Amino acid sequence: MLTSNYIRTWQAGELMRVLVIEDDRETAQFLQKALKESGHSADIAEDGEVGLGLAEEGSYDVLIVDRMLPRLDGLSVIKELRSKGLRTPVLILSALGDVDDRVKGLRAGSDDYLTKPYAYSELLARVEALARRPVPEEQETRYIVGDLVLDRLSHRVIRDGETIQLQPREYRLLEYLMKHAGQVVTRTMLLEHVWDYHFDPQTNVIDVHVSRLRAKIDKNFDKPLLHTVRGAGYTIRDGAG
Amino acid sequence: MAPANPLSRAVSTTAFRLAAVTVAVYLICAGLIVGLLFWQTNRILTNQVLLTLHSEAQLLEAVAQAGGLPALARAVEARSQPDGLGLYYLASSADAKIAGNLSRLPPEIASSKSGGVFRYTKGGKAGENARLGVAIPVALKGGARLIVGRDIEEQRHFADEMGRVFLIGFGLLSLAGLAGGFVISRIVLKRIEAINIASRSIMHGDLSQRVALSGSGDELDDLAINLNAMLDRIEALMNGLREVSDNIAHDLKTPLNRLRNSAEAALRDPTGEEACRRGLENTIEEADELIKTFNGLLLIARLEAGALEDSAERFDLGRVVRDVAELYEPVAEERQLKLEIDATDGPAVTANRQLVGQAVANLIDNAIKYSAHVAEAHNTSSEVNVSVTTLDEGIEISVADRGPGIASADRERVLRRFVRLEKSRTESGTGLGLSLVQAVARLHGGSVRLEDNEPGLRVVLTLPRRLAE
């Protein structure tokens, strides 16, 4: 199949084609509407078999797959797709939320896992992060946002020609944010990718870490790069908006 | 299903059937032994008789050889006593009786060469009871016939008598066996019935009921003890469940109610869109809190069911504890707390990294939350101490603060779900933090204990040493 090996690389602001495989009509329609409002397009499949068929034929940037589906369950859909060489990124939605279930989902070939109930902002951030994920991982050696440069080889961070001293954890936090420059990154995503924790740390510890990082990279400069997105998370980008 | 008739009930019990089978086996064995004994005795007696007969036959043969038929006839006549045990019959070649106390030639012997058992009547009188005899034929020259025999009626009586005694004995034995089986089964039945009655009333909802013990310490008592232990466990679980559902009712309904209120208030607010927006934001916040609580509850429930046992991985405990502590360091600093971390690398353990991480995070979060108050109130700085120590008893992760601490009477209680001490009601939180820590500890075969940090609280999460193997 021509489309199966073709991976589109999504850029911030670009339209993203999403397939929602979800049997609860209300949830599916809510997602479709919300994704449209966010500037993307979404198709709906109400069971696993239809979903599998659409996913094989259509050229989608991301699949959102519910775990419990009629006719063919979510994990089987993903396994089937992967066995056919289709590498479209998949986000699993599940009412089960254990460490175990997450591991099972990732093993089946999904790229991310989100437990119901979720915040739409969380879902959108994750879906956009997935759609953009270059496959295979592209080895960029430098991330650049405005006058901020992060050199992944020398682990140096320079803004406007000035070297900024960062703690190892702060460096990784910035690296992750810059990798997803222009995109919204949620607190949970940071916790998962920078700290590798898949649990709720109760207090908003992430906020404190981000504000420390912000103090280092933005404080002495006119133009802030690290922005808080209300109700969603953070984003690093050049320019206001 | 159970017949009402006590006899048929007793008969249908296992105990009775066992008794019946046992009795039957005994009877068969006894029958075999007695039969063998009887047969052997009979054989020995018969052989003795035959031996006597043969020697007598030889003697008479010698007489016949020496003196011919007349001498033999005299000798036979001399031996033939009317009431004696010896039986004789001497006939000529023409089959006419010459001498002897037998009235006629027994037909059973006439055709036989080796002799055998026969019946005869004394003096040949009809109507008299036939007696049993055994005889052998003696061959004589000239066609004359001599039968030498012996009366074995006594022996037959003895055999008959023995048979009767055995029959009566067997009968008595079976009756006694069956009666014993019946009585035993009644006794067992009665106690099982007591257990059944107790079980039925428990099934009908009276969980406080227990099975009575007989005090004999036998298997039925063991069964009763086990049943009672099972009931204790079920009752404890039920009480736990009831407590949890009461808690859920309170701790989930309260935020649900708040959520509903804020939605309603937003709808009623006449100021319009801005109020609506605020109301909705409020609603989402409340919903998020609820979800958090709900997730916590579910996780604890699944941990208690041991559902995550197979998700263990090998990791460096010291490093993970340090990592989690470092995650909280900026938060602690913001609240004028010093987070002292006393954990070098190691030991490597096999456990669920995420869960252990979460447990440590909960402990540090609590420590910061409660000791920050004290620090702020007295405008002093305070510290939270996190350490990992490997001891013989286990690997201890300790989180100690200088907060208000917990009175020793309350220490057990705070580990339970939703238990929040009055002082902490004002703090944010679900009331599930320590319960989760305990559930994680238990999942790994460890424990949690709360200590006085003089002042403050020290929570120690102990993991078994075998995790480090």
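Just so you know, all these numbers are worked out from the coordinates, no wet-lab data involved. Remember, it's a predicted structure, so these values are computed and weren't measured experimentally. Backbone-built Cβ (ideal geometry, glycine too); neighbour counts: all protein chains shown.
For chain A, what class follows from the C-alpha gyration tensor (a ≥ b ≥ c being the square roots of its eigenvalues): rounded when a/c is under 1.5, otherwise prolate if a/b is larger than b/c, else oblate?
prolate
Report D for the stretch B:13-129 in µm² per second (integer): Stokes-Einstein, Kirkwood Rh on Cα pairs, 20 °C, 1.002 mPa s.
In µm²/s, the coefficient is 120.
Note down the magnitude of the dipole of the protein assembly as shown about its Cα centre, charges +1 on Lys and Arg C-beta and -1 on Asp and Glu C-beta and zero elsewhere, to the nearest 20 debye.
3960
Along the Cα→Cβ direction, 7 angstrom out, place labels at B:S112 and B:T41. What is the inter-label distance in nm?
About 2.3 nm separates the two model spin labels.
So how strong a dipole does the stretch B:309-468 carry about its Cα centre when Lys and Arg Cβ are +1 and Asp and Glu Cβ are -1, to the nearest 20 debye?
The calculation lands at about 580 debye.
Which whole-number percentage describes the relative contact order of chain B, with Cα contacts under 8 Å and a sequence gap of 6 or more?
Worked out over chain B, it gives 9 percent.
How many nm is it between the label spots at B:R449 and B:N228, if each spot is 7 Å from the Cα in line with the beta carbon?
Result for the modelled spin labels: 3.1 nm.
Determine, for A:I92, B:I291, the number of other Cβ atoms within 10 Å of each Cβ, and report the residues in order from fewest to most.
Fewest-to-most ranking of A:I92, B:I291: B:I291, A:I92.
With each run of n ≥ 4 DSSP H residues scored as -39500 (n - 2.57), what mean residue ellipticity at 222 nm is computed for the protein assembly as shown after dividing by its residue count and rounding to the nearest 500 deg cm²/dmol?
Here the helix-only value at 222 nm equals -17000 deg cm²/dmol.
Where the centroid of each part is defined by its Cα atoms, how far is the stretch A:44-109 from the stretch B:193-221 in Å?
Each part's Cα centre sits 53 Å from the other's.
Give, in whole angstrom and from largest to smallest, the semi-axes √(5λ) of the equivalent ellipsoid of the stretch B:219-303, with λ running over the eigenvalues of the Cα gyration tensor.
Each semi-axis is √(5λ); the values are 47, 12, 5 Å.
Report, ordered by chain and residue number, the aspartates and glutamates lying within cross-link reach of A:K219, taken as a straight Cα distance under 20 Å and ignoring same-chain residues fewer than 8 apart.
A:D147, A:D160, A:E162, A:E170, A:E175, A:D207, A:D238, B:E333, B:E334
What GluC sites (Glu not before Pro) in the stretch B:352-409 are in a loop by DSSP, with at most 10 other Cβ atoms within 10 Å of the Cβ?
Within the stretch B:352-409, the qualifying GluC sites (Glu not before Pro) (loop, at most 10 other Cβ atoms within 10 Å) are B:E393.
Cα-based count: Lys pairs in chain B below 21 Å, eight or more positions apart or different chains?
9
Place +1 on the Cβ of every Lys and Arg and -1 on the Cβ of every Asp and Glu in chain B, take the dipole about the Cα centre, and give the residue among B:L178, B:V244, B:G456 whose Cα lies farthest towards its positive end.
Farthest towards the positive pole: B:L178.
Note down the magnitude of the dipole of the stretch B:15-157 about its Cα centre, charges +1 on Lys and Arg C-beta and -1 on Asp and Glu C-beta and zero elsewhere, to the nearest 20 debye.
Approximately 200 debye in magnitude.
Out of the stretch B:328-396, which trypsin sites (Lys or Arg not before Pro) are coil in DSSP terms and have no more than 13 other C-beta atoms within 10 Å?
The qualifying sites: there are none.
What fraction of the DSSP beta bridges in the stretch B:294-421 is antiparallel, stated in percent and rounded to the nearest 5?
Within the stretch B:294-421, antiparallel bridges account for around 60 percent of the total.
Convex hull volume of the Cα atoms in the stretch A:142-236, per residue, in Å³?
So the per-residue Cα hull volume is 94 Å³.
Indicate, rounded to the nearest 5 percent, the antiparallel portion of the DSSP beta bridges found entirely in chain A.
50
Between the DSSP loop rule and a limit of at most 12 other Cβ atoms within 10 Å, which trypsin sites (Lys or Arg not before Pro) in the stretch A:195-241 are left?
Answer by residue number: A:K219, A:R230.
When DSSP assigns beta bridges and you keep just the ones with both residues in the stretch A:33-149, what percent turn out antiparallel, to the nearest 5?
Bridges in the stretch A:33-149 that DSSP calls antiparallel: roughly 20 percent.
Grab the Cα-Cα distance for B:H157 and B:S93, subtract it from 0.36 nm times how many residues apart they are, and report the gain in nm with one decimal.
19.4 nm
Over the alpha carbons of the stretch B:165-239, what is the largest minus smallest coordinate on each principal axis, giving the biggest first in Å?
67, 23, 14
What length, rounded to one decimal in nm, is gained on full extension from B:A176 through to B:E77, with 0.36 nm per residue of separation minus their alpha-carbon distance?
30.0 nm
How do B:C29, B:C276 line up, fewest other C-beta atoms within 10 Å first?
Least crowded to most crowded, the residues run B:C29, B:C276.
Which of the lysines could be linked to A:K36 by a straight reach, that is with a Cα gap under 22 Å, when you skip same-chain ones fewer than 8 residues away?
Here the lysines satisfying the reach criterion relative to A:K36 are A:K116.
If you wrap the protein assembly as shown's Cα atoms in a convex hull and average its projection over all directions, what's the area in nm²?
61.4
Sort A:D200, A:D238, B:D392, B:D160 so the one with the fewest other Cβ atoms within 10 Å of its own Cβ comes first.
Lowest count first: B:D392, B:D160, A:D238, A:D200.
How high is the relative contact order of the stretch B:1-110, in percent, with contacts defined as C-alpha pairs under 8 Å that are six or more residues apart?
About 12 percent, as a whole number.
Can you give me the Cα centroid spacing of the stretch A:166-231 and the stretch B:312-360 in angstrom?
Measuring centre to centre over Cα atoms gives 20 Å.
Quick one: plug the Kirkwood hydrodynamic radius of chain B (C-alpha pairs) into Stokes-Einstein at 10 °C, 1.306 mPa s, and report D in µm²/s.
Rounded to a whole number, D works out at 48 µm²/s.
Would you mind computing the Rg to Rh ratio of the stretch A:3-132 from its alpha-carbon coordinates, Kirkwood style for Rh?
With Rh from the inverse mean 1/r over Cα pairs, Rg/Rh is 0.92.
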